[in-house]
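Data block below; observations after.
The values are calculated or read from the model by the stated rules, or taken from the named source; none is laboratory data. Please read all numbers here as calculations on a predicted model, not as lab measurements. In this analysis, Cβ positions are derived from the backbone assuming ideal geometry, glycine residues included, and neighbour counts consider all displayed protein chains.
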Amino acid sequence: MKTRSPLALYFSVCVALLSLSAHAWSAAVDGTQSSRFERTAALAREGGAETRATFVLAALGQLALAYEEEAALALAELDAGNSDPELAGWANAVRRYAQQFSLLIDDARDGFPVSIAVGGDSPVAITVAERTVILNHPRPAQQAVFEQAVIAEFCTANSCSALVQEPGKASGSFAQLGPVRPSWAFDADGALCGHQGVRVRFPVNSDMSGARALCREFVQEAVLLANEVAWQVRHGVEVGWEALKVHPVPGQDNYRLQLNEQGDAVLAPVPILGLNPQLVDLIAPWMRDRVTGPGERTVDIPADMLGW
């Protein structure tokens, strides 16, 4: 018997879920284990009709983009000579599915009833005119990127201050990031550059022009990432400091730092850290102290770990 491709199977599941009633997703949110995306959805759910519609429109718009991109990728493979009939079927099916989002967007804008369901073990779902959509990106690796985009769009149009933690939860120093200018010290062992507790040791006779550029870029990335994590903590995200993982984001210059098992993530342009994931483990204690502690911890990085 011919087996179905994972993509085709995923599409069939999506279509089936589209017809589910929203009542299947009525479980209450567990605030101690929910992600920021789930808390944002819950905030929108408890708002008025206009607030709910704003969240629903943001989610549908981002899903439409995701499925249009998925269809474009499949069509590009076909143009490149891939003659797999299942690929052609997938491209057509996913394109039709993306078109449904446009119809649902029109329904939401025309004033049809919308609702948001947030359940403990169930994905966030939205319902427009009695049609339910599960808010899952077609590529699981892109789920965090999708969620961040929805959050950003929704919170631009609505106050998300209810998601901000009480003062003092993130107590470190994380002011707006400006140009980073590391300080330098020299001794018999070489050169040491640093900024706000992050230091890089270069060996004797290093090319100082290249060393200065590399140090400045790395320190900038470290401080940027710490600031981004601090912002997430201030908005109620729990960080698993012992298990931070950085992943590339296909088609973007950003990298994704996974913060916890609930799926919260930071997106930032950090190529040095992204290409050297072990560096994240080294600076994690420094970031934690900067974000939640007195900000006095230092971390020393050998330049060879930066590709020097």
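Some observations on this one:
- The helices (runs of 4 or more DSSP H) located wholly in the stretch 208-308 that include 3 or more residues which are modelled with pLDDT of 90 or more and buried (at least 20 other Cβ atoms within 10 Å of the Cβ) occupy 208-234, 278-292.
- Failed item in (1) among the hydrophobic types (A, V, I, L, M, F, W, C); (2) closer than 20 Å to V270 by Cβ; (3) at pLDDT below 90, with C155 passing the rest: (2)
- Filtered by the rule that a residue be crowded, with 21+ Cβ neighbours inside 10 Å and within 21 Å of D107 (Cβ to Cβ), the stretch 63-94 gives L63, A66, Y67, V94.
- Selection of helices (runs of 4 or more DSSP H) fully inside the stretch 1-82 by the criterion of at least 2 residues being at pLDDT 50 or above and out of contact with any Pro (no Cβ under 9 Å at 6 or more places or on another chain) returns 36-46, 49-79.
- Qualifying residue in the stretch 97-107 (condition: within 26 Å of V150 (Cβ to Cβ), aromatic (F, W, Y) and modelled with pLDDT of 75 or more): yes
- Number of positions in the stretch 109-148 that are among the aliphatic types (A, V, I, L, M), buried (at least 20 other Cβ atoms within 10 Å of the Cβ) and under 24 Å from A93 (Cβ atoms): 7
- Filtered by the rule that a residue be small (G, A, S) and either within 29 Å of H247 (Cα to Cα) or in a helix (DSSP H, G or I) (or both), the stretch 118-149 gives G119, G120, S122, A125, A141, A144, A149.
- Residue within the stretch 109-125 that is of a type in the set (S, T, N, Q) and over 18 Å from N254 (Cβ atoms) present: yes
- Residue pairs meeting the criteria (Cβ under 8 Å; at least 6 apart or on separate chains; first assigned by TED's automatic domain parsing to the domain that holds V114 and of a type in the set (K, R), in the stretch 128-146; second assigned to a loop (DSSP other than H, G, I, E, B) and surrounded by fewer than 18 Cβ atoms within 10 Å (Cβ to Cβ)): R131/S19
- Residues in the stretch 258-273 that are free of Cβ contacts under 8 Å to residues at least 60 places away in the same chain and within 21 Å of N136 (Cβ to Cβ): L259, E261, V266.
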